[in-house]
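Take a look at the structure set out below.
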Amino acid sequence: MRGYYHRCTDLAADDLELLERVVRNLNLLADLTHGDLLLYARAGDEAVVAAQAQPQPVPSLYSGSMVGETIRREGAPTVFRVLFGYHPRHAVKGTMVRGVPTVQEVFPVTNGRGQVIAALSSEIAVLEHERQRKKSPVFRHAVGRVRESVLGGRLEGGDALGRMGVHDGPMVIDARGQIVYISAIAEHLYRRLGYADSLLKTQIAELDTNEYICFKAMELGVCLEQRVQEQELIWIKRVIPLLPGDSEGFLARFGPRTNQPVGALVVIQDITEEVGKEQELKIKSAMIQEIHHRVKNNLQTIAALLRLQARRTGSHEVAEILHQSISRILSIAVVHEFLSQDEASMINIHEVSNRILSEVTHGILDPDKRISLRLEGPKNFCLPAQQATSCALIINELLQNAVEHGYRDLSEGIINVRLFEDRESMRIEIQDDGRGLPEGFQLAQGGLGLQIVQTLVREDLKGQFDLKNGRGVHAVISFPRWQALTS
């Protein structure tokens, strides 16, 4: 997260550095306060929104980004009072934001020279503000301490923490590791581990849980998070150190002022259910991949049996039919091989085409003829599995036709397979420089291979197939892009 300062010409280099440190921690502060945060900086006589953070636990008051928006004095008088130094801090209750009654508090961001260089506006829906006011003073003081550290640019590592949710459980510990506040959600999470009594005033070092991250964050004075396994539960613990400051009331609660953190705000997120679902999906994905692997092996076994049968038949015509069937089966097997290697449902047709070209080169091309097969087009030409299988069969059939009929009396040539795509459609072209189509050729009178191609293009791809002469035979298969993405 970075700020927008293009029009803030009055900011010095150290001011910009300070604001960037503030901006990095705004998401964390928005989640803790349940408020929308807008950071304003001066742009001449106006104010510009330099950064924005929207809360994760509650709905935002804003539907879109406000960053870069210019605000005049009459549009935000409270912000201007603070930003231009007329008031150190200001709060307004009952303002309206997008039709929602809102409590607005504006805080100054001051540089080392005592100058106000920005103003942070915190806007919270009135109902949510009342909920926050009813929370423990200890928790509210802790959040205030985090806000003060953020505005001073002193909090480190807040941008590395994950976003917080409405079901996360906060608690506050002092410098000695004693729990001085624990929310009902956090209490419930520990109760699931067998702690029936309240943990208030308990030393976390006495718990049979992994609290290492809490002490580490306070030792280093930086925000840290850790995923921990507690019996059957899996938690993410996020720890924000509470840095010393000038808030006497807060320090009276947490101990004398020192250079070390005076406590920590700990937020626990229970991800047990999510991890369980993720694990189930991984198992299902592995099973599906194994199924595709077995289908591929079975198809190859069938192809091998047919190849054995082709060798034993005494009929050249029957052997030719069996070889064509073998080629079709292997083209389908190629798609299942890709599905068995990658859990994604999209298949790269460029890679599949490469494999089919290799199969044709080593399987049916006469080694005494100098016929080259070439592939052109985007390397990320991807389709869902069903369409990918159809395309594999189509490419295989058209290549077989080109080799069998186009070069019967020719000893050399080139067959090009080209892939094209744009925003609305996808296209496959196969061009050979062979004998071309016989005179009076009608597509409707084509053999089994061309009938298969026409059916696949029409039924599976919902596209069009065209076959015409032009320095050989030029086959074009085109189909809408939406079909590839939504089927």
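The table for this structure:
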{"read-out": "Any hit, the range 256-270, residues being assigned to a helix (DSSP H, G or I) and either at pLDDT 85 or above or farther than 30 Å from Gly165 by Cα (or both)", "value": "no"}
{"read-out": "Conditions (1) surrounded by 12 or more Cβ atoms within 10 Å (Cβ to Cβ); (2) aliphatic (A, V, I, L, M); (3) out of contact with any helix residue (DSSP H, G or I) (no Cβ under 7 Å at 6 or more places or on another chain); (4) under 27 Å from Asn380 (Cβ atoms); number of the one not met by Val318", "value": "(4)"}
{"read-out": "Neighbours by Cβ (under 6 Å, 6+ apart or cross-chain): first from the range 23-47, under 18 Å from Gln132 (Cβ atoms); second of a type in the set (Asp, Glu) and in a loop (DSSP other than H, G, I, E, B)", "value": "none"}
{"read-out": "Single residue of the range 129-144 satisfying the filter (under 33 Å from the mean Cα position of the chain (by Cα) and surrounded by 20 or more Cβ atoms within 10 Å (Cβ to Cβ)) that is nearest to Pro57 (Cα to Cα)", "value": "His129"}
{"read-out": "Residues satisfying the stated conditions in the range 178-206, i.e. more than 36 Å from the chain's Cα centre (by Cα), within 13 Å of Leu265 (Cα to Cα) and of a type in the set (A, V, I, L, M, F, W, C)", "value": "Ile179, Val180"}
{"read-out": "Members of the range 207-237 found to be closer than 17 Å to Asp159 by Cβ and within 25 Å of the chain's Cα centre (by Cα), listed by number", "value": "Cys223, Leu224, Glu225, Gln226, Ile236"}
{"read-out": "Of the criteria (1) hydrophobic (A, V, I, L, M, F, W, C); (2) closer than 21 Å to Glu320 by Cβ; (3) part of a strand (DSSP E or B), which one Phe465 fails", "value": "(2)"}
{"read-out": "Wholly within the range 119-199, helices (runs of 4 or more DSSP H) carrying at least 2 residues that are in contact (Cβ under 8 Å) with a residue 12 or more places away in the chain, closer than 30 Å to Asp14 by Cβ and among the β-branched types (Val, Ile, Thr)", "value": "137-151"}
{"read-out": "Unmet requirement for Arg81, which otherwise passes all of (1) within 18 Å of Val49 (Cα to Cα); (2) modelled with pLDDT of 90 or more", "value": "(2)"}
{"read-out": "Residue in the range 477-484 that is farther than 22 Å from Ser325 by Cα, touching a strand residue (DSSP E or B) at 6+ places or on another chain (Cβ under 8 Å), hydrophobic (A, V, I, L, M, F, W, C) and in a helix (DSSP H, G or I) present", "value": "yes"}
{"read-out": "Residues located in the range 375-412, provided they are within 36 Å of the chain's Cα centre (by Cα) and among the charged types (D, E, K, R)", "value": "Glu376, Lys379"}
{"read-out": "Only one of Arg427, Arg408, Arg435 that is of a type outside the set (A, V, I, L, M, F, W, C) and outside any loop (DSSP other than H, G, I, E, B)", "value": "Arg427"}
{"read-out": "Subset of the range 148-177 [surrounded by fewer than 20 Cβ atoms within 10 Å (Cβ to Cβ), within 20 Å of Glu230 (Cα to Cα) and over 31 Å from the mean Cα position of the chain (by Cα)]", "value": "Gly177"}
{"read-out": "Residue within the range 126-144 that is more than 22 Å from Leu243 (Cβ to Cβ), outside the structural domain of Val180 (by TED's automatic domain parsing) and among the hydrophobic types (A, V, I, L, M, F, W, C) present", "value": "yes"}
{"read-out": "Scan of the range 347-362 for residues that are touching a residue at least 24 places away in the same chain (Cβ under 8 Å) and in contact with a Leu (Cβ under 8 Å, 6 or more places away or on another chain), ordered by number", "value": "Ile347, Ile349, His350, Ser353, Ile356, Leu357, Glu359, Val360"}
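The values are calculated or read from the model by the stated rules, or taken from the named source; none is laboratory data. Since this is a predicted model, take the numbers as computed values, not measurements. Positions of Cβ are generated from backbone atoms using ideal geometry, with glycine treated the same way; all protein chains shown enter the neighbour counts.
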